[in-house]
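J.: Sharing a structure below in structure tokens format, with a few things to ask.
The values are calculated or read from the model by the stated rules, or taken from the named source; none is laboratory data. Just so it is clear, the structure is predicted and the values come from calculations on it, not from any experiment. Counting neighbours? That spans all protein chains shown, and the Cβs are built from the backbone with ideal geometry, glycine included.
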Amino acid sequence: MWELTKSFRFEAAHSLTGTTFGAASEEIHGHSFRAEVTVRGTPDPATGMVVDLGLLQRAIEDVRLTLDHKYLNKIEALGTPTLENLSRFVWDRLQHIGKLTRVSIHRDSCNESCTYYGPQG
Ligand SMILES: Nc1nc2c(c(=O)[nH]1)N=C([C@H](O)[C@H](O)COP(=O)(O)OP(=O)(O)OP(=O)(O)O)CN2
Ligand SMILES: [Zn+2]
């Protein structure tokens with residue numbers, strides 16, 4: 001079994017109410033995020049690939065553009081802009097590729113990350 005991972009970065013702003021961080025979180029502020037997208041499977045004997053990384057790159061670029069330099073609270077389909085919802089949002093937009101096994105979102109400046117394994121978990 002093989003796992004293949006591609007990462008991307010995006011910079012985005014959000015505001016979050018109801019956290020123990022209080023007022024600072026409620027103000028609009030920005031973060032640098034790092035996402036990791038992992039597919040799992042066996043390489044096709046003809047191509048030697050689980051999934052063509054070029055295909056993955058193309059799909060990733062679409063989702064990256066929906067998040068990069070955006071105010072996340074304005075993205076309706078995202079819901080509250082937590083790491084949990086970001087990982088689900090990215091999953092939902094990449095699942096058509098197939099073989100998706102997990103999506104992780106890292107907020108390194110805060111030493112935080114969240115991994116989503118899909119609705120079947
Ligand atoms: N279950 C979750 N809990 C919390 C989340 C989350 O995504 N899921 N997010 C937060 C905060 O947004 C997060 O901890 C960052 O805090 P924030 O005040 O935005 O960031 P800092 O000022 O500490 O970070 P810098 O990057 O250093 O400015 C809380 N809970
Ligand atoms: Zn924040």
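J.: Step by step: first the residues of the stretch 81-102, then only those that are farther than 14 Å from PHE10 by Cβ, part of a loop (DSSP other than H, G, I, E, B) and at pLDDT 95 or above, then the one that is farthest from ligand 2 (Cβ to nearest atom). Which residue is that?
T.: LYS99
J.: Quick one: count up the residues across the stretch 10-29 that are assigned to a strand (DSSP E or B) and either among the acidic types (Asp, Glu) or exposed (fewer than 12 other Cβ atoms within 10 Å of the Cβ) (or both).
T.: Count: 2.
Let's see how each residue does on (1) away from ligand 1 (no atom under 11 Å from the Cβ); (2) among the aliphatic types (A, V, I, L, M); (3) more than 19 Å from GLU112 (Cα to Cα):
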{"residue": "GLU3", "(1), (2), (3)": "yes, no, yes"}
{"residue": "THR17", "(1), (2), (3)": "no, no, no"}
{"residue": "PHE21", "(1), (2), (3)": "no, no, no"}
{"residue": "PHE33", "(1), (2), (3)": "no, no, no"}
{"residue": "LEU56", "(1), (2), (3)": "yes, yes, yes"}
{"residue": "LEU83", "(1), (2), (3)": "no, yes, no"}
{"residue": "LEU86", "(1), (2), (3)": "no, yes, no"}
{"residue": "LEU94", "(1), (2), (3)": "yes, yes, yes"}
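J.: Name the single residue that is farthest from TRP91 (Cα to Cα) among those in the stretch 103-121 being small (Gly, Ala, Ser) and outside any strand (DSSP E or B).
T.: Taking the stretch 103-121 first, the residues small (Gly, Ala, Ser) are 104, 109, 113, 118, 121.
Next cut, outside any strand (DSSP E or B) only: 109, 118, 121.
On the way: SER109: 23, GLY118: 7, GLY121: 12 Å.
The selected residue is SER109.
J.: Scan the stretch 60-77 and tell me whether some residue there is of a type outside the set (A, V, I, L, M) and within 10 Å of ligand 1 (Cβ to nearest atom). Walk me through it before giving the result.
T.: Going through the stretch 60-77, the residues of a type outside the set (A, V, I, L, M) turn out to be 61-62, 64, 66, 68-71, 73-74, 76.
The next check asks that each one be within 10 Å of ligand 1 (Cβ to nearest atom); those that pass are none.
Checking the stretch 60-77: not a single residue is of a type outside the set (A, V, I, L, M) and within 10 Å of ligand 1 (Cβ to nearest atom).
J.: Residues to consider are VAL63, VAL39; find the one that is in contact with a strand residue (DSSP E or B) (Cβ under 7 Å, 6 or more places away or on another chain), surrounded by 12 or more Cβ atoms within 10 Å (Cβ to Cβ) and either in a loop (DSSP other than H, G, I, E, B) or β-branched (Val, Ile, Thr) (or both).
T.: Going through VAL63, VAL39 in turn, just one is in contact with a strand residue (DSSP E or B) (Cβ under 7 Å, 6 or more places away or on another chain), surrounded by 12 or more Cβ atoms within 10 Å (Cβ to Cβ) and either in a loop (DSSP other than H, G, I, E, B) or β-branched (Val, Ile, Thr) (or both): VAL39.
J.: Right, another one. Determine if the stretch 71-80 includes at least one residue that is within 16 Å of ligand 2 (Cβ to nearest atom) and in contact with an Asp or Glu (Cβ under 7 Å, 6 or more places away or on another chain).
T.: Here is the first cut: in the stretch 71-80, the ones within 16 Å of ligand 2 (Cβ to nearest atom) are 71-75, 78-80.
Next, only the ones that are in contact with an Asp or Glu (Cβ under 7 Å, 6 or more places away or on another chain) stay: none.
No, every residue in the stretch 71-80 fails to be within 16 Å of ligand 2 (Cβ to nearest atom) and in contact with an Asp or Glu (Cβ under 7 Å, 6 or more places away or on another chain).
J.: (1) within 15 Å of the chain's Cα centre (by Cα); (2) crowded, with 18+ Cβ neighbours inside 10 Å; (3) of a type outside the set (D, E, K, R); (4) under 23 Å from MET1 (Cβ atoms): which one isn't true of PHE89, the others all being true?
T.: The single condition PHE89 does not satisfy is (4).
J.: Scan the stretch 78-100 and report the pairs whose first residue is in contact (Cβ under 8 Å) with a residue 60 or more places away in the chain and whose second residue is part of a loop (DSSP other than H, G, I, E, B), with Cβ atoms within less than 6 Å and a gap of 6+ or a chain change.
T.: Close Cβ pairs (under 6 Å, with a partner that is part of a loop (DSSP other than H, G, I, E, B)) amount to LYS99/VAL51.
J.: Using the structure shown, decide if THR101 is exposed (fewer than 12 other Cβ atoms within 10 Å of the Cβ), among the β-branched types (Val, Ile, Thr), in contact with a strand residue (DSSP E or B) (Cβ under 8 Å, 6 or more places away or on another chain) and within 30 Å of MET1 (Cβ to Cβ).
T.: Taking the combined requirement at face value, the residue does not satisfy it.
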